[in-house]
Amino acid sequence: MSGLFPEDRVSPESEADAGPGLFAAAAPEQPQGAAAYRVLARKYRPARFADLIGQDAMVRTLRNAFALGRIAHAFMLTGVRGVGKTTTARIIARALNCTGPDGTGGPTADPCGVCPDCRAILADRHPDVIEIDAASRTGVDDVREIIEATRFRPLQARTKVYVVDEVHMLSRNAFNALLKTLEEPPPHVKFVFATTDPRKVPVTVLSRCQRFDLRRVPAAELAKYFQWIADPERENVEIEPEALWLIARAADGSVRDGLSLLDQAIAQAGPGVPVTANVVIGMLGLADRALVFDLMAALFKGIVAQVLEMFDKAMDCGADPGTVLQDLLEFVHTVTRVKTLPAAGNNPDLSEHEFNAAKQLADGLSIPVLGRAWQMLLKGIGEVEAAPDRRVAAEMVLIRLCHVADLPPPGELVRRLSDGTAAAAPSRSQNPPSGGARALAQGGAVAVAPMTEPAPRLASLRDVAGVLAERREAMLHAHLMHSAHLVHFAPPVIELRIEPEAPRDFAARLAAVLQQATATRWTIALSAAPGEPTLAEQDKSAGAARRAAAGEHPLVRAILEAFPGARVEMVPNATDVPLPHAAALSGTELPPLAAEPAEPPDDPENSQWEQER
Ligand SMILES: [Zn+2]
C-alpha cells in the first residue's frame, strides 16, 4: 500500500504527524509556507475519543478508566498502521493534561480542546508530551535519556506523557532499561506505547501495560467516513459511491491510508470534477471490479474464449495477474457468503452493487462448486507467484477454472463410479416392475428396506461389498469384487487370496473401513489358498444361470415366443444391490412381499399377454 502514493504528497507534515514508521526519520523539514494545503489525514485527525472511527471498544474502556480515575501507568496500543494508534496516544495525553476552559479541570475523557495544554498538544508543541520513534532510536542510550528525564517534574502539565512509536523496535537492552521504570513509574509520568507488532515486545513489558488492540476499520465505516468528509459542509467534493468503496477497500482498515488515497483521487480528478470509480481504478492499478464480476460469470459458464479475452483486457489496462486472481478469490468468498447467508445484504463490507452482482452469481452456483473454485484459486495464486511467466500461469489457472462448474463434486464422482460397478438398484426399487416383470426380478430389488440398526451385521463377503458400496469406497469395492477370492469367512476374520493387481495396502484399508462401519476390529488375513471365485466371477456365472433359468419360465417362454428376437438381457440379483445395511440380506427382515397384490406370475393363462394372443 505504501508504494501507492508518492511520499511528497504527505511529507509536508512533520515526522511525528506522518505516523508510525511510515515516513519515519527520513521526512525532511519543509518550509512553513509550503504547507498551504493540509492533507486530509491531518485536517481531520480526531481530537477527541468521540471522533475516533471504528474503535468503540477501546474508547468505552478508556472512558470508564477516566471516569473512575483508574488510569494505567502505561498503555500499549497495537494495530496495523494507520488505524489511529498515535492519534489515540495524543488524545490520551490531552485527556490526562486538560485543565478545562476555566483552567480548573482534572483528567477527563473529554478534553476541552481550548485550554493551553490541549492546544499545545494539538499543535505538537507541548514540552511535557514527548514523542519518540523507536524505529530510529533503538539503543539503550536513547532509553537511558528518557529514563533520566522521567525523574524531573513536568514543566507545565500535570503529567509527563512519553509516546513511544513502534516500541517493538527497541533493542533488548533498551527494553531492560525501560522495564525498571515501568515497574515503579514516577507518579507524574505515563507511557503510551504503540506497535504494529506486539509479538516482538517482551512479555515483561506487555504485562505492565494496559493493552488495547485497535482493530482495522471495516470498509463500510471507512466509506461512510469518507462520504462525510466529502460532504458540502466539509471538502465539498463529489465522489461516486463506487469510488468511495474502492478507496475504503484499498485502505484495508487504515483510516490514514484511506484518507491519503482520497486526497490523491481528488487531486487526480481535478478541481470541480467528480471522482469516479474509473479514476480510482486507474489510480490504484486495480482490476476493474466490474471486470472481475464479468470474469467470474464467464468462468462459471465455462466460456474459455471470453475469459481469456477479458483477462487480456485486464492485462492491457495494467492489472497484475496475481491481483486479478486475488480479486477473483475474494469475490468467490463474497459469493459464498451471500449464498450461505441470503440476508447478507446487511454485510457491511459489500456495496449494493457488489451485493447484487454476488447475489446473481450465488443463485446459479452450488456451495461445492464455489468451494472448489476457492481451492483452485488459492492454489493458482501460489503457482502464479512461483511461475517464470506470471501471466501465462494465471491464464492456465483461469482455463482450469472454466471447467470447475462441470466437474462433479468428489462425492458425486465416487458415487457414479460405485454405481458403475454395483447395479443401480435404488432407482429400480423406487419403480418396482409390475406383474410379470417382477417374476424376472425375483423380488430381489424391492428388498431394499430402510434399516434402523446402526451397525450392519456382515454375514458374507457380499455383505462386505455392500458396506464398501454404501460408504462410497469405490476403489476398494472394485478390488473386492474383482480381485478377492474368499478363502474363509469367520467374522471378525476374513481370509482372502488377493490378485496381484489389488493395491498392497488393500487388506489394511479394508480392515479400517470395516472397523469404522461396524465398530468392531476386523482382521483381513491373506492366504495362498485358491479360495472361491471372485464376487464378480460369481455374478457373471450366476447371471448366466439366472438367464438360463428365466428362459425356462413359462411366462418368459411365452414372451420370447410372442416377440421373435427378444432376449433375456439381465436378471438382477438381490445381492448386486448396494444395500444401506447388509443385514437386509441376512434374510431375517425381508419386507412382506407376499402382502403385495401381485398377479400370480406362475399362471400364464391369466396374464394379459396370453389373453391378447
Ligand atoms: Zn483542555
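Here, each number is a calculation from the coordinates, and none is a lab measurement. The model shown is predicted, which means the values in this text are computed figures rather than measured ones. Here the Cβ positions follow ideal geometry from the backbone for every residue, glycine too, while neighbour counts run over all protein chains shown.
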Note the full-extension length gain between residue 114 and residue 252 as 0.36 nm times their separation in residues minus their Cα-Cα distance, in nm to one decimal. 46.3 nm
With each pseudo-label sitting 7 Å past Cα toward Cβ, what's the residue 340-residue 38 distance in nm, one decimal? 4.5
Segment residue 504-residue 315, length gained on full extension (0.36 nm per residue, minus Cα span): 63.1 nm
Let a ≥ b ≥ c be the square roots of the eigenvalues of the Cα gyration tensor of segment 219-284; is it rounded (a/c under 1.5), or, if not, prolate (a/b larger than b/c) or oblate? oblate
Rounded to whole Å, give me the distance from the Cα center of segment 50-89 to that of segment 181-251. 9
Which parts of segment 113-134 would a label at residue 149 reach, counting a residue when its backbone N lies under 18 Å from a point 7 Å out along Cα-to-Cβ? 120-134
Sorted from fewest to most neighbouring beta carbons within 10 Å, what does the list 296, 396, 169 look like? 396, 169, 296
Provide the FRET efficiency to the nearest 0.05 for the residue 366-residue 290 pair, computing r from the beta carbons and using R0 = 30 Å. 0.75
What spacing in nm lies between the two simple spin-label points modelled at residue 273 and residue 207, each 7 Å away from Cα in the Cβ direction? 6.0
Separation between Cα centres of segment 254-308 and segment 92-117, rounded to whole Å: 44
At R0 = 45 Å, FRET efficiency that the Cβ-Cβ distance of residue 227 and residue 179 yields, to 0.05: 0.50
For segment 93-249, what does the alpha-carbon gyration tensor say about shape, rounded, prolate or oblate, given a ≥ b ≥ c as the root eigenvalues, a/c under 1.5 as rounded, and a/b over b/c as prolate? oblate
Quick check: from the Cα gyration tensor, does segment 115-190 come out rounded (a/c under 1.5), prolate or oblate? oblate
Using 0.36 nm times the number of residues separating residue 537 and residue 389, minus their current alpha carbon distance, what extension gain do you get? 47.9 nm
Efficiency of FRET from Cβ geometry, residue 236 and residue 308, R₀ 45 Å, rounded to 0.05: 0.55
